[in-house]
Structure formats: structure tokens, C-alpha cells
Amino acid sequence: MWNSIREIQDPAQNVSKFVFTKDTAVAEAVLYRYPDYATRTVICCSTMSGCPMGCRFCGAGDFFARSLSAEEIVAQVEHCIAETGVAPAEMKRLQIMFMSMGEPLLNLAGLIPAIERLYAMYPSAALLISTSAPDIGKAFADVVDISVRVPTVGLQFSVHESTDEARDKLIPFQRKLGLWDIALRGAEWAQATGRRPFFNYCAHDENSADIDAERLAKLFHPTVWNATVSVVCERSEGLPATNEHQRRLATGFGDKLLGLGFDVRVFDPAGQDTIGGGCGQLWFVQEWANQNPDQARRSIGFGRPEVHAPVATAHA
Ligand code: SF4
């Protein structure tokens, strides 16, 4: 399925990264244990090689090679699970997240059969679709349909800003839902599935005031939505990935949302400084893209100002 699989470990932080390559594509998957695989295993896998969304904090934001097939997606998960040495049925919690690289809603031809297979293989695993909300055809109706058919599917929207203007700068892909439409689609999904969607927000210096939290609470009702606040990571290798300032921003903004009635989790991924384990870092993918310019075509993000930590943010 893949020609080569490279592992980069950070045993101290309980995280490993796997870089899958072949002539026409690269993918990354990250495997976390909390504190051991039997208690809780989390796998973030890729749905595309590169990404057309162009997010300015993301290591895949400058290029797109191609969508991955269902087999290529499932193979990343199978490899990670084999590496744990624990039988999936013996894991108390197994979470598989489609959020490493690629926009899942732009690759439903790969994602939906991958979800069906993963559900058949690991029936108790949580399967989380994390989307930046492209507005393409009937993609959202298809997501609702698979989420009704597969009761372990969860849905998270990468919101990241409290106004559409700021979000347009961060995510240059044009055909995407505005914040109000995201709020409506999430409520629709909640009604169809009986489950709560998440919105994901990366707190930075310019989007973490009380007014930002209040705007979000007006859009995303706390009785419908849960909140994830992510710590921003630096996409360039060699720069410090995160610092205490970013962590304080994330926890401080999380507290504001808690005060407005949200159920909040703060996401501070392990391995950011050592193996590029955080949101959007994708160091090895960037290296592959530079070495394979014939496969990695420039995306809409190429050449636009990047967002760097600690001043600003990060899909997760
Ligand atoms: S953050 Fe996610 S949606 Fe945005 S460019 Fe990166 S992989 Fe694509």
C-alpha cells in the first residue's frame, strides 16, 4: 500500500509519528497514548496528501498532491494499531481522528468507505471528522448520512476565529461556509444524530478577548455545541513550537467559554517541539513536497502571509 513508512518517536512524551510515502503521495499519522495504549489510544490520520484549503498556520497549506484512497487511509490506522502491541478490543478507549492532513469533506470518496471499514474493524472506536467546512455540493448531507449510519462518528468544525473576515484570512479557500452557516449545519447534524458537535478554536493574541467568546456563544449555543480550544503550534521546524504564552492564551480563552456555559476541552498535543506532533506542523510532509515538486502542486495558500506562533494561531 505504502512504499515506505518512517517512524519518528518521542517516548518521553508518549507520542510517535509515522510518515507514509509512495511515488505520488505522502501521509502522516500520529499515535498518542494516555498514559498507555490499553487505557487510551488516539490516532490522527491523513485523508489527503497536501491540502487545497491553504490554511496559513498549516504545514500542508501551500500544496496539494492528491486525495488518498480509502485503502490508504485505513492502512495508516492499521499500522498505528499494530504498533501499539495491544488488541483494539482490549483498549478502554480508541479514538481515530481524521485531522492530521487534508480536508475530509473534499475527499468523501475516500473518507466514507474508510469510515465504513474502520467501524466494521473497530466497532467501539470513536471516529472524529474534523472539517474546515468547505461548501461543496452535497458533502454535508453525505456527512449527516454516514453519521446516522455509523453511531461512533463525531463531527468537529475548525472555526478558529470569531468573525468571517478574520477566518477568510486564515483559511483562504473561497468556497467555504461562513460562521453562521457552520452554526446551522452543526445544529442540523446534532438533530439528526442526537450527538453534540464540537467547534475548534485556536486562541492567539488577537482573537481571545471577551468579545470573541461572546460572539462564539451567540453563534454556537452551549446546549448544542461543545468547545475545543487548541494550543497553536509553529509550522516551521527549528522554531519553538509552543510557549507558555500560547498555553495561557488557550486555557484563559477556555475559561471564558466555560463561564459562558460551554463544555470545554483544551487540546495541547504532545511532541510539538520534538517530532512536530502538533496541529498543522507536518515537517516531514513539507520536506516531501519540496523534494517532489512534480507531485506537490501549489495550492491557494502558496505565497500568502503565513501565520506563525506565538502571535497567531492553528485545523486540528
Ligand atoms: S489545517 Fe487542515 S484544512 Fe487547513 S490546510 Fe491544513 S490540513 Fe488542510
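The values are calculated or read from the model by the stated rules, or taken from the named source; none is laboratory data. Model, not experiment: these values are computed from the prediction. Using ideal geometry, Cβ is built from the backbone for each residue, glycine included, and neighbour counts are taken over all protein chains shown. Just the protein is used for accessible areas: all its heavy atoms, side chains included, with ligands, DNA and RNA removed. Shrake-Rupley method; radii C 1.70, N 1.55, O 1.52, S 1.80 Å.
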Out of V307, V311, V264, V229, sole residue that is at pLDDT below 90 and open to solvent by less than 50 Å² (accessible area, probe 1.4 Å): V307
Given (1) in a loop (DSSP other than H, G, I, E, B); (2) at pLDDT 65 or above; (3) away from the ligand (no atom under 15 Å from the Cβ); (4) not hydrophobic (A, V, I, L, M, F, W, C), index of the condition T251 fails: (1)
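This table checks each residue for (1) in contact with an Asp or Glu (Cβ under 9 Å, 6 or more places away or on another chain); (2) at pLDDT below 95; (3) within 20 Å of S299 (Cβ to Cβ).
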site: E83; (1), (2), (3): yes, no, no
site: V150; (1), (2), (3): yes, no, no
site: V153; (1), (2), (3): no, no, no
site: L170; (1), (2), (3): yes, yes, yes
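Inside segment 46-60, can you point out the residues that are modelled with pLDDT of 90 or more and within 7 Å of the ligand (Cβ to nearest atom)? Don't jump to the end; show me each part of the working.
Step one: filter segment 46-60 for residues modelled with pLDDT of 90 or more, giving 46-54.
Answer for segment 46-60, where residues must be modelled with pLDDT of 90 or more and within 7 Å of the ligand (Cβ to nearest atom): C51, M53, G54.
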Matching residues in segment 152-176 - criterion: being closer than 18 Å to T228 by Cβ and within 14 Å of the ligand (Cβ to nearest atom): Q156, F157, S158, V159, H160, E161, R167, L170, I171
Qualifying residue in segment 12-26 (condition: out of contact with any Lys or Arg (no Cβ under 7 Å at 6 or more places or on another chain), of a type in the set (K, R) and away from the ligand (no atom under 14 Å from the Cβ)): yes
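Please return the ranges of helices (runs of 4 or more DSSP H) entirely within segment 55-159 where 3 or more residues are open to solvent by less than 10 Å² (accessible area, probe 1.4 Å) and either under 23 Å from R196 (Cα atoms) or not hydrophobic (A, V, I, L, M, F, W, C) (or both). Talk me through it step by step, then tell me what you get.
Details: elements: 70-84, 108-121, 139-149.
Helices (runs of 4 or more DSSP H) meeting the threshold: 108-121, 139-149.
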Unmet requirement for F284, which otherwise passes all of (1) at pLDDT below 90; (2) in a helix (DSSP H, G or I); (3) touching a Ser or Thr at 6+ places or on another chain (Cβ under 7 Å): (3)
Residue in segment 176-183 that is open to solvent by 30 Å² or more (accessible area, probe 1.4 Å), part of a helix (DSSP H, G or I) and among the aromatic types (F, W, Y) present: yes
Criterion (more than 16 Å from the ligand (Cβ to nearest atom), of a type in the set (D, E) and assigned to a helix (DSSP H, G or I)) met by exactly one of E188, E206: E188
Hits in segment 155-177 (condition: small (G, A, S) and over 14 Å from S130 (Cα atoms)): S162, A166
Test: residue in segment 75-89 that is within 14 Å of the ligand (Cβ to nearest atom) and of a type in the set (S, T, Y): no
Breaking point among (1) within 19 Å of the chain's Cα centre (by Cα); (2) of a type in the set (S, T, N, Q); (3) at pLDDT below 95, for T41: (3)
